[in-house]
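First the structure, in the form of structure tokens, and then the observations on it.
Every read-out reported here was derived from the displayed coordinates using simple, explicitly stated rules and does not represent laboratory data. Values in this document were obtained by computation on a predicted structure and should not be read as measured data. All Cβ positions, even for glycine, are placed from backbone atoms using ideal geometry, and neighbour counts span all protein chains on display.
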Ligand code: ADP
Ligand code: MG
């Protein structure tokens, strides 16, 4: 009967979630922009329980429909507030000493910066995850002030062509910075990037203005450069338990990744080609690391890119990872959308339909099949 099927469905679904380990993948679809033809959407279905069906409306035939599964899907109408609400528990765990990484992945124009920073800072309702996170951390740390004393420091760097630069440097041109071995507990990955202690949103907004100015200086157009570099905002939290006088640390990395679009090799030359190769290499290195972690593999290839070296102590182990997969619903983006979704499928460790020999992969696949079978059964009973 209905309730048995529902309970069974829940149980299987939870088992699938558990097998995914510490990696969560959320999908966010950005709305159509003025001028885009809304009739040509590649999003056929976006379900609250994380199901996404993508198809190409300009192509006939059933094979063009593809089903993807996420921990959560945010449709075009989702607000910044809603997106943050489902991210908040992860962010707050930083105050308990966890390391957390949150990424935005997708092609240029798919809404990465909108999700992470927001379209503007002037209106609070526009704020993206970055500002809401800091606001929330201030709020919670203040409310705990009788038992724990917190200190919050912020760094922000850019990785461009495999070179790391300080985006919060206040003294002129930025040097290339080195990444240190962060396998040592609580070590700073980029000790030479300036660290700014922050106590309020006023401090934060002031700093972010420096960051944006620094990001713009060397580029002809701000958008150009920002879509070809990764920016990493790192929030370092140090807590002192006032009763026991013990010290603990947590770190939250908020990463706005470079655009994942493939660059036509025949057209790209010189600097453009070099940039494309660096981006390609670092995004696949990130994919490989998260995939290895999802598989609980004994070797995790952190050394293959600056990005994964920098985040090493916050990826894997007890650390928690969340990937926002950003989609542009326009049909012109169909093939980029599919390639973005393939990346997402891979990092979530659940490759639907892909042949893999290891047992966990097979179990997950079987569970997923049963989940969709049971879902169908429930829908029929309704
Ligand atoms: P990316 O950083 O991935 O290149 P942007 O975040 O700059 O993409 O988004 C591209 C454009 O779409 C911007 O004009 C942005 O304001 C708009 N946009 C993105 N996501 C949303 C959203 N959820 N709601 C409204 N506008 C959005
Ligand atoms: Mg951007």
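Taking region 54-105 on its own, what percent of its Cα-Cα pair distances exceed 17 Å? Distances greater than 17 Å cover 59 percent of the Cα pairs.
Stretch residue 65-residue 40 to full length: gain in nm at 0.36 nm per residue minus the Cα-Cα span?
Answer, rounded to one decimal: 7.6 nm.
What shape does region 82-214 take by its C-alpha gyration tensor, where a ≥ b ≥ c are the square roots of the eigenvalues and a/c under 1.5 counts as rounded, a/b above b/c as prolate, and the rest as oblate? Rounded, since a/c falls under 1.5.
Classify region 202-340 as rounded, prolate or oblate, taking a ≥ b ≥ c as the square roots of the eigenvalues of its Cα gyration tensor: rounded when a/c is under 1.5, otherwise prolate if a/b is larger than b/c and oblate if not.
Numbers: a/c = 2.18, a/b = 1.41, b/c = 1.55.
It comes out oblate by the Cα gyration axes.
Quick check on packing: order 137-147, 91-101 by the mean number of other C-beta atoms within 10 Å, highest mean leading.
Most protected by this proxy first, the peptides run 91-101, 137-147.
For region 65-133, what's the relative contact order in percent, using C-alpha pairs closer than 8 Å and at least 6 residues apart? Please list the in-between numbers first.
Working: 45 pairs, mean separation 20.0, N = 69.
Relative contact order of region 65-133: 29 percent.
Counted residue by residue at 0.36 nm each, then reduced by the alpha carbon distance between them, the extension gain from residue 200 to residue 264 reaches 18.6 nm.
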